[in-house]
Structure formats: C-alpha cells, structure tokens
Amino acid sequence: MGIRKRIYEIIEVAGPDDTLSHIYDALSMFIIIVSIIPLCLKEPSTGWLEIERVCVTVFIIDYLLRLLTADYKLNDQFVFAVIRYPFTLLAIIDLLSILPHFIVINSGFGLLRLVRLANALRVFRVFKMFRYSTNFEIIIAVIKRSKESLIAVGTMTVAYIFTSAIIVLNVEPDSFDSFFEAVYWATVSLTTIGYGDIIPTTTIGRLITMISAFFGIAVIALPAGIITAGYMEEMQEHKVKERRKKKKQ
C-alpha cells in the first residue's frame, strides 16, 4: 500500500478496525473544540493566541494532507483532483477555518470591522466536526436523494414570501418603510416566529398574517417530513451494508 493511500485512510472517517484513524479523528475533534473555546469568551487571554496558532497549524497540515490525497477522495486523476478539491464544500469550510487567523494576526488588516468579521468566520470550525461523523454523511446522502422535493418546497416558500410581501405592502403601505421590511415581515410570519416589531394594523393585514402563519406550519412540516423519511431509508440501507461487510469478513 502506498504512503498517500494510507494517509487517506487515516484522515478520512475511521473504519471499525483502523486504530490510527480513530486516534486521528479523536485528536482532530479535540483540537476543533479547543479552537472554538475563545469564541465563547468576550476577552480571551493572551495565552489563547498561542493555542490558536497551534490549532491553525494543525488545520493547515490537515488541509494539505487532504489536498495531497484528493485523487482518492474524488476518484479522479491527481492533477484534476487537486484542482477540484478546494471547491468542494468541506474544503471551503476548512479554508474559512484557517484564513481568519491570518486576517486577525496580520497588522496590515487592522480594520476593526474586518477583524470582527474574521473572528465571526471562525465559527466555521464547528462544521469541521461533521467530517468525523458518519451520521452527517448519511444526512448529506439524504439531502442529495431528496433534493428535487426540497427544491420544490423551497421554491414554493420563496414564491409565497414575495407574494405575501407584495400584497401586504399594497394593503398597508404606511406600516412598511420598504419592500425589504415587507419581505422580513412575510418571512417572520411564515416561520410563525412573530417578533412583533413590524405588525399590520388593519383587519385585512392581520387576516393576511393569519393565513401566512397557517401556511408556515405546512411549509415547515414538509421538508422535515421529507428529510425524516429519507433518513430512515438511508439508515436501513446503511445497516444492510454494514451487515454485508461483516459477513464478508
């Protein structure tokens, strides 16, 4: 077995009998959690800066190793895989987890808003945990399988939001300063949250709000039901595959 092939097996989700892969996953999860802790502190101490550097160094090494073994991940020729890999979802998340560190440290990027944005982008490190979860892979498979149904529900939702926003803006022009506020109201009403900061004052406007809230219950239930049904099917298929692997062993 080649070195790159073995590296790929270690850095990917651990197999049932691969001790090194399990250790790598556990250490990666630990480092991710440690790197997120400063985001929970209003004023992190200077000691966290050194820990941040260590964590980012590990993230960079992990990114380079995944780039080096991209051909095994994408089942493509090495050169084409290296070009494609940075544009995959998890690779983008990895990059967004690394870049904020250099924006904050580099004195040339001393703008306060930019530094705050960089700190906020560090939250993407949370999503790095998904790589080490088999359940996340199952959810991704479910979304891919049900994407047509989810796209249909999403399109219907967006269409309803804009339609109700246009209607309420024309029914109650004095209650909304702009079309964006009407879209905001329609979104909040559709999700049945109802913050109450923008409310219709006429009977027709309130009637539209009631319809939007009832419609929102159905819209929220549809994708939840689609994903739940797909998840159950995927779990059953996953169990069948695991049983076949055990029988072969």
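The values are calculated or read from the model by the stated rules, or taken from the named source; none is laboratory data. Keep in mind that this is a model prediction, so the values were computed, not measured. Here Cβ is always computed from backbone atoms with ideal geometry, including for glycine, and neighbour counts include all displayed protein chains. When the accessible area is computed, the model is the full protein with side chains, heavy atoms only, and any ligands, DNA or RNA have been set aside. Shrake-Rupley method; radii C 1.70, N 1.55, O 1.52, S 1.80 Å.
Listed here are the residues, each with its yes/no results for (1) touching a residue at least 60 places away in the same chain (Cβ under 8 Å); (2) open to solvent by 40 Å² or more (accessible area, probe 1.4 Å); (3) in contact with a strand residue (DSSP E or B) (Cβ under 8 Å, 6 or more places away or on another chain).
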residue	(1), (2), (3)
I199	no, yes, no
L207	no, yes, no
S212	no, no, no
L222	yes, yes, no
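Just one of (1) farther than 23 Å from L96 by Cα; (2) under 20 Å from the mean Cα position of the chain (by Cα); (3) among the polar types (S, T, N, Q) fails for N75. It is (2).
With the condition kept exactly as written, say whether any residue in the range 195-213 is under 26 Å from I143 (Cα atoms) and not small (G, A, S). No, every residue in the range 195-213 fails to be under 26 Å from I143 (Cα atoms) and not small (G, A, S). If you scan the range 161-180, which residues turn out to be in a helix (DSSP H, G or I) and open to solvent by 50 Å² or more (accessible area, probe 1.4 Å)? Once the filter is applied, which keeps residues that are in a helix (DSSP H, G or I) and open to solvent by 50 Å² or more (accessible area, probe 1.4 Å), the range 161-180 yields F162, T163, I166, I167, N170, V171, P173, D174, F179, F180. With respect to the conditions (1) part of a helix (DSSP H, G or I); (2) in contact (Cβ under 8 Å) with a residue 12 or more places away in the chain; (3) over 30 Å from M29 (Cβ atoms), V188 lacks only one, and its number is (2).
Filtering the range 30-50 to residues that are out of contact with any Cys (no Cβ under 6 Å at 6 or more places or on another chain) and not hydrophobic (A, V, I, L, M, F, W, C) leaves P38, K42, E43, P44, S45, T46, G47, E50. Can you find a residue that is part of a helix (DSSP H, G or I) and either closer than 30 Å to Q236 by Cα or at pLDDT 85 or above (or both) anywhere in the range 104-127? Checked against the condition, which is being part of a helix (DSSP H, G or I) and either closer than 30 Å to Q236 by Cα or at pLDDT 85 or above (or both), the range 104-127 yields at least one hit.
Here I217 does not qualify as modelled with pLDDT of 85 or more, exposed (fewer than 14 other Cβ atoms within 10 Å of the Cβ) and closer than 30 Å to I227 by Cα. Name the residue that is modelled with the lowest pLDDT, counting only residues in the range 20-46 that are out of contact with any Gly (no Cβ under 9 Å at 6 or more places or on another chain) and open to solvent by less than 40 Å² (accessible area, probe 1.4 Å). Here the answer is P38. From the list I61, I92, the lone residue that is out of contact with any Pro (no Cβ under 9 Å at 6 or more places or on another chain) and either surrounded by 18 or more Cβ atoms within 10 Å (Cβ to Cβ) or part of a helix (DSSP H, G or I) (or both) is I61.
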